[in-house]
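Asks: My questions will all concern the structure given below.
The values are calculated or read from the model by the stated rules, or taken from the named source; none is laboratory data. Computed from a predicted structure; not experimentally measured. Using ideal geometry, Cβ is built from the backbone for each residue, glycine included, and neighbour counts are taken over all protein chains shown.
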Amino acid sequence: MSKPLGFFTSTMPGDGSYLDDLQSLYGSTFEKLGRTEKLLILESVVKNLIVAETAAHGINSTAQAMAHASSITPGIRESVGIDEHLGLAEALINQLKYQH
């Protein structure tokens, strides 16, 4: 079972934040959004994080990381079953969350 958005963020019901507005519209676990909508929102969040990472560490660092990641991602696309992709995403998110 999914946990509510406030479990993962500082969002509290009624706090007036944009995330609270989203909870009001789509439910605390975004249950009113479809799978494709959630994937597209996740894609946007990841792009925002990449922009922030680039701002923090510079374009050269990001370019090197992109080159390295680009050598890994084709293997994932070709060799990892689509049923494993969400688990891989979850593993990466947890690693990023606790990486210093």
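Asks: Can you pull out every residue in the range 67-90 that is free of Cβ contacts under 8 Å to residues at least 40 places away in the same chain and under 30 Å from L22 (Cβ atoms)?
Replies: Filtering the range 67-90 for residues free of Cβ contacts under 8 Å to residues at least 40 places away in the same chain gives 67-88, 90.
Listed by number, the residues that qualify are A69, T73, I76, I82, D83, E84, H85, L86, G87, L88, E90.
Asks: If you don't mind, another one. Out of all the residues in the range 40-59, is one or more among the polar types (S, T, N, Q) and either surrounded by 12 or more Cβ atoms within 10 Å (Cβ to Cβ) or in contact (Cβ under 8 Å) with a residue 24 or more places away in the chain (or both)? Show your work before the answer.
Replies: Going residue by residue through the range 40-59, those that are among the polar types (S, T, N, Q) are 44, 48, 54.
Now drop any that are not either surrounded by 12 or more Cβ atoms within 10 Å (Cβ to Cβ) or in contact (Cβ under 8 Å) with a residue 24 or more places away in the chain (or both), which leaves 54.
Among the residues of the range 40-59, at least one is among the polar types (S, T, N, Q) and either surrounded by 12 or more Cβ atoms within 10 Å (Cβ to Cβ) or in contact (Cβ under 8 Å) with a residue 24 or more places away in the chain (or both), which makes the answer yes.
Asks: Same structure, new question: Restricting the first residue to the range 3-16 and requiring it to be touching a residue at least 24 places away in the same chain (Cβ under 8 Å), which pairs with a second residue that is surrounded by 12 or more Cβ atoms within 10 Å (Cβ to Cβ) meet a Cβ separation below 7 Å and a spacing of at least six or different chains?
Replies: The qualifying pairs are P4/S28; P4/T29; L5/T11; L5/L19; L5/Q23; L5/S28.
Asks: Anything in the range 85-100 that is in a helix (DSSP H, G or I), of a type outside the set (D, E, K, R) and either modelled with pLDDT under 95 or under 19 Å from K47 (Cα atoms) (or both)? List them, or say none. Break it down into steps so the answer makes sense when it comes.
Replies: Residues of the range 85-100 that are in a helix (DSSP H, G or I), as a first pass: 85-98.
From what is left, the residues that are of a type outside the set (D, E, K, R) are 85-89, 91-96, 98.
Hits for the range 85-100 are H85, L86, L88, A89, A91, L92, I93, N94, Q95, L96, Y98.
Asks: Something else now. Kindly indicate whether E31 is in a helix (DSSP H, G or I) and of a type in the set (D, E, K, R).
Replies: The answer is no for E31.
Asks: Could you tell me whether any residue of the range 69-84 is surrounded by fewer than 10 Cβ atoms within 10 Å (Cβ to Cβ), on the phi < 0 side of the Ramachandran plot and not in a helix (DSSP H, G or I)?
Replies: For the range 69-84, residues surrounded by fewer than 10 Cβ atoms within 10 Å (Cβ to Cβ), on the phi < 0 side of the Ramachandran plot and not in a helix (DSSP H, G or I): present.
Asks: A follow-up question, please. Answer with yes or no whether D15 is of a type in the set (D, E), over 20 Å from I93 (Cα atoms) and assigned to a helix (DSSP H, G or I).
Replies: no
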